[in-house]
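One structure is given here, and the rest of the page talks about it.
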Amino acid sequence: MDILSVNVIKKIKEVEEKAENLRGEVKIKAQAIVDDAKKKTKEIINKAKEEGRVEKQSIIDKAKEEGERKAQLIKRENENEREELRKKGLSNLDKAVSFIVERLLKTETSKEKGLRN
């Protein structure tokens, strides 16, 4: 073998070694990129979960407030209706008492007339 052939073979080996080193570096960098992407994906997912949790709690809180507001409104309406029914009942009670007293008086009057005859 001549010197030229030996030099060519050395160059080929050097290039192969550099290529192998580059493959290793590329593999390491590629793994770092994948790891970073996984980390960022987890962060995005966790952030989305937290935002979802906060949004869910906000919706629940608003629904509770709305429910309490409606419950108070219904309670006031029921109290007003109850008061109206109570007043109506008292009014009817007065009428009923008057009716009964009138009937009793008529009955007593009729009995007294019957005793006189």
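What follows draws every value from the coordinates through simple rules; no lab data is involved. Because the structure is a prediction, the values reported are computed rather than measured. Here Cβ is always computed from backbone atoms with ideal geometry, including for glycine, and neighbour counts include all displayed protein chains.
Dipole of the stretch 11-117, Cα-centred, from +1 at each Lys and Arg C-beta and -1 at each Asp and Glu C-beta, to the nearest 20 debye?
My answer is approximately 460 debye.
Please give the FRET efficiency for residue 113 paired with residue 82, using the beta carbon to beta carbon distance and R0 = 41 Å, rounded to the nearest 0.05.
0.35
Label residue 68 and residue 13 with points 7 Å out from Cα along Cα→Cβ: what is the distance between them in nm?
Here the answer is 8.3 nm between the modelled labels.
Tell me, what is the FRET efficiency for residue 48 and residue 22 to the nearest 0.05, using R0 = 41 angstrom and their Cβ-Cβ distance as r?
E between residue 48 and residue 22, to the nearest 0.05, is 0.60.
I need the shape label for the chain. Rule: rounded when a/c is under 1.5, else prolate if a/b > b/c, else oblate, with a, b, c from the alpha carbon gyration tensor.
prolate
Along the stretch 5-18, what does the Karplus equation 6.51 cos²θ - 1.76 cosθ + 1.60 (θ = phi - 60°) give for ³J(HN,Hα), rounded to whole Hz, x for Gly and Pro?
5, 5, 5, 5, 5, 4, 4, 4, 5, 4, 5, 5, 5, 4
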